Amino acid sequence: MGKDRKGYQRTYCGRMDHGGCSLLVKVEMGKVVEILPDGEGPLSRGYICPKGLASKEKLNHPERLKRPLLRKGPKGRPEWEEISWDKALDIIEERFLGFREKFGPESVAFCHGMPKGLDLFVMIRLANLFGSPNVVMVQDVCHAPREIAGLHTCGFYPVADLKGPARALILWGSNLSGTNEEGQVFRLLSERLKEGARLIVVDPILHRSYKDRLDIFLPVNPGSDLALALGMINVIISKELYDKEFVTKWCHGFQELKEHVRGYVPEKVSPIVGIPPELIQQAAITYATTKPAAIVWGNAIEQIPHNFPTIRSLIILMAITGNLDIAGGNIQPGEPNILRPGEFVKSRLFPEKTKKMLNSYYGTIPRLMTVPPAYFRKAVIEGKPYKVVGAYFQATNPLITWADSRLTEEALLKLDFVVLSDVYLTPTALYADIVLPAATQFEFNDIGHYGLGHGFILARPKLVEPPPHCWPDIKILNELGRRITDPKYWYEDYEDLLKEILGPAGLTLEEFMEVGILEGKMDYQKYKKRGFKTPTGKVELYLSRAEELGVSPLPEYKPVVPSDSNYQLSMTSMKEPLFLHSSYRWVPSLRKLVTYPKALLSPKTADLYGVKEGDEIIIETPYGSITHILEINPDLKDDVVIVKHGWWYPEVGSKEGYHWKKSNINMLTSINILGKEFGTPNLRGIKCKIRKLD
């Protein structure tokens, strides 16, 4: 990306967040000494958050992993022996090939967290070539429901066009002022609002950033978004505010939808969602009559068992108002001319993958190509539908981030052999047999946003050398690939993997790192030329393949959480804006800003339960209890508790297990109810109670 006039190197933030914000990085004597915002950044436009500023601190942290570790004591205890890379790879090769010989390749799972860069797709390539169909990811609660519901409903993943001329925006379970959404950042939203776009927020809490910009606030009860969307669809159809031309030409099943939503009048929906009927009407009318309009959706709507019909209902809103694939609406971005993900991961060499995946046993929806964590753990613990005895974990801390942490611990203890790659020793790493020290951003060349469907990829150039024995995950996987799969699909130099992707663009790796970003061509209303990529060629309001897929043809609201007189409050969660999921609580400057997790209550609810600001409180569900410090928030809906996601305590040390159970929200969750389509547990609207810690 080159250097600007001050001698700073341009790059994009990656591993501290979803990425997309442009950075100026100053390097002196082989060390990153300063990070500044880049005013020419195409997405962030000169914005930078504390995470970006703090990203240099992780490079030289005194407790950073520096050498491969081999377990010498029981799982859960930090008892290790430092070993060489050759010995580590020899052991992994021997164990994984042994499992493949004895139990079949499906007995080894490859597990990844949130995509950080090219590492995810290199892992999928390794799994495919090894013969394992089981790449385990948290896609059941993040990204896949939106992407796949989009593919089945309109043939693509509808992305909010925040660069376009949107005149109305709905933030639905999304807070871009605190966490971004894969390149959709707050600065782009702010520009649209400054231009006069109307703003509707759907969330149990009104975040401060939107107070002075807001037109309508819909404080929805956690987990009831589907009912709200159906109520808005009812208003738009009953008042004939839908785009009649688009509906007539390009929508399948409108009459069935019209009849179906008659039962979702705002007056009936109101007690379910906790919003006055007139506000539901006002929001529906505003969205339908202010065009173009976009829905910016967050992954909160994916963290419920009925996420598939919920997301379909939002796509139906986009469709019947004519806001699909138009400038300023929800669009299908054009992809840059690069190697397609399916080719890169060698999908064609593993045609039987879908039949062998754990998913096939549970009947998840077609096109879900990763394994939900719930089904992975069932295979490990119960041996159904077959044994999974080995696992490779990368860029993930599932003991904290997967629903039902007790079950995760049980699975980690039962696995015969666990390998984990990370920068720092995490709670999950304490259960690994081998821990590999990873390089991190600024220490290797990487490609960001590959395969995410947002229409661009980003260059993340190498700026400094990693510690001598820290390897990029891409390199680790490349070396493993040469040992446990056909070596002809791997390279002497792992950077050739990046060059593969850039081949169709005609760019060298060096040229791409200089250019910084490759974007696809923006082309709106593509359906006018070739229709929608669905069986009917139209947006399927009514799913034509519903019976084949085993789902309802129209979105139908059914409550997930039964009432329980012992648990009167409704629990949901919020990400800490200064951390990325469970990562980086060991970064000093960030931890000084957020020293402990805070649970949010409204003033009325706090008074009702006799607790006050600063109290340490116990939050309890039928599955467990944890502690947080109480914060009173007047902008939070009554009877709702917001608990912070991803907490553990590096400062107490590995010998104490980092107190990973104390404040970990997934001690309060369960997989006893799972959605059929994606194997998603319920993480929103969980019934709970609170009390002050004695």
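Read the figures in this text as sums done on the coordinates, not as results from a lab. Values in this document were obtained by computation on a predicted structure and should not be read as measured data. Using ideal geometry, Cβ is built from the backbone for each residue, glycine included, and neighbour counts are taken over all protein chains shown.
Trp647: net charge of surrounding residues, Cβ under 15 Å, Lys/Arg +1, Asp/Glu -1, itself excluded? Let's see the in-between values first.
Working: positive: Lys575, Arg585, Arg591, Lys598, Lys644, Lys661, Lys662; negative: Glu576, Glu616, Glu631, Glu651, Glu656.
Overall, the nearby charge balance is +2.
Can you tell me the 0 to 90 degree angle between the C-alpha axis of helix 405-414 and the longest principal axis of the chain, rounded to 10?
So the helix axis and the longest Cα principal axis differ by about 30 degrees.
Using the alpha carbons of segment 569-692, what is the convex hull volume per residue in cubic angstrom, as a whole number?
It is 121 Å³ per residue.
How far is helix 307-320 tilted, in degrees, relative to the longest principal axis of the Cα atoms in the chain, given as a value from 0 to 90 rounded to the nearest 10?
Helix 307-320 and the main axis of the chain meet at about 50 degrees.
Give me Cys251, Cys13 ranked fewest to most by other Cβ atoms within 10 Å of their Cβ, as a rough exposure proxy.
In order of increasing Cβ crowding within 10 Å: Cys251, Cys13.
At a 10 angstrom cut-off on C-beta neighbours, averaged per residue, how do the peptides 567-575, 317-325 rank from highest to lowest?
Packing proxy ranking, top to bottom: 317-325, 567-575.
Just in segment 590-658: which GluC sites (Glu not before Pro) are loop by DSSP and have at most 16 other Cβ atoms within 10 Å?
Working: sites: Glu613, Glu616, Glu620, Glu631, Glu651, Glu656; in loops: Glu613.
Qualifying residues, ordered by number: Glu613.
Per residue Cα convex hull volume for segment 1-144, in cubic angstrom?
About 186 Å³ per residue, rounded to a whole number.
Considering only DSSP beta bridges with both partners in the chain, what is the antiparallel share in %, to the nearest 5?
50
With angles folded into 0 to 90 degrees, how steeply does helix 225-238 sit against the dominant principal axis of the chain? Use alpha carbons for both and round to 10.
Between helix and principal axis, roughly 40 degrees.
Identify all lysines with a Cα-Cα distance to Lys239 below 19 Å; exclude those on the same chain that are fewer than 8 residues away in sequence.
Lys258, Lys268, Lys291
Cut-off under 17 Å on the C-alpha distance; same-chain residues fewer than 8 positions from Lys102 excluded. Which lysines are left, in chain and number order?
Here the lysines satisfying the reach criterion relative to Lys102 are Lys356, Lys384, Lys387.
Largest first and in whole Å, give the semi-axes of segment 180-294's equivalent ellipsoid, each being the square root of 5 times a Cα gyration tensor eigenvalue.
Values: eigenvalues 130, 73, 31 Å².
Ellipsoid semi-axes (Å, largest first): 26, 19, 12.
Summing -39500 (n - 2.57) over the DSSP H runs of n ≥ 4 in the chain and dividing by its residue number, what mean residue ellipticity at 222 nm do you reach, to the nearest 500 deg cm²/dmol?
My calculation for the chain gives -8000 deg cm²/dmol from helical runs alone.
Only Lys, Arg, Asp and Glu count, each charged at its Cβ (+1, +1, -1, -1), so figure out the dipole size of the chain about its Cα centre, rounded to 20 debye.
440
Any idea what the relative contact order of segment 569-692 is, in percent, if you count C-alpha pairs under 8 Å spaced at least 6 apart?
35
In terms of Cα to Cα distance under 15 Å, which aspartates and glutamates are near enough to Lys26, apart from those fewer than 8 places away along the same chain?
Answer for Lys26, where 15 Å is the Cα cut-off: Asp4, Glu34, Asp38, Glu57, Glu443, Glu465, listed by chain and number.
If each residue's Cβ is checked for other Cβ atoms within 10 Å, how do Arg585, Arg312 rank with the fewest at the top?
Going from least to most buried by this count: Arg585, Arg312.
Using Cβ contacts closer than 10 Å as the measure, can you line up His306, His454, His628, His61 from fewest to most?
His61, His454, His306, His628
Within 10 Å, count the other beta carbons around each residue, average over each peptide in 461-470, 170-179, and list them highest first.
Averaged packing, sorted descending, gives the order 170-179, 461-470.
If you consider only alpha-carbon coordinates, what radius of gyration and Dmax does segment 389-463 have, in Å?
Radius of gyration, then largest Cα-Cα span, for segment 389-463: 15.3, 41 Å.
For the pair Arg406/Glu93, report the inter-label distance in nm, with labels modelled 7 Å from Cα in the Cβ direction.
Result: 4.3 nm between the two label points.
As a quick test, which of the pairs Lys499/Lys533; Lys353/Lys538; Lys612/Lys661; Lys163/Lys521; Lys414/Lys662 have an alpha carbon distance above 19 angstrom in this structure?
Details: Lys499/Lys533 31 Å; Lys353/Lys538 29 Å; Lys612/Lys661 24 Å; Lys163/Lys521 14 Å; Lys414/Lys662 23 Å.
The answer is Lys499/Lys533; Lys353/Lys538; Lys612/Lys661; Lys414/Lys662.
Please compute the net charge surrounding Arg482, taking Lys and Arg as +1 and Asp and Glu as -1 over other residues with Cβ under 14 Å from its Cβ.
-4
Ranked highest first by average number of other Cβ atoms within 10 Å, how do 65-71, 232-238, 526-532 line up? Don't jump to the answer; show the numbers that get you there.
Working: 65-71: 19.4, 232-238: 23.1, 526-532: 14.4.
Highest to lowest by the protection proxy: 232-238, 65-71, 526-532.
Suppose the Debye formula is applied to equal point scatterers at every Cα of segment 70-201; what is log10 I(q)/I(0) at q = 0.13 Å⁻¹?
Log10 I(q)/I(0), no solvent term: -0.80.
Expected output is a single nm value to one decimal: the length gained when fully extending between Leu413 and Arg691, i.e. 0.36 nm times separation in residues minus the C-alpha distance. What is it?
Length gained between Leu413 and Arg691: 96.8 nm.
If you filter segment 259-311 for GluC sites (Glu not before Pro), then keep DSSP loop positions with at most 11 other Cβ within 10 Å, what is left?
Details: sites: Glu259, Glu267, Glu278, Glu302; in loops: none.
Those that pass, being in a loop and sparsely packed, number zero.
Add +1 for every Lys or Arg and -1 for every Asp or Glu among the other residues with Cβ under 11 Å from the Cβ of Val388, and state the total.
Here the count lands on +2.
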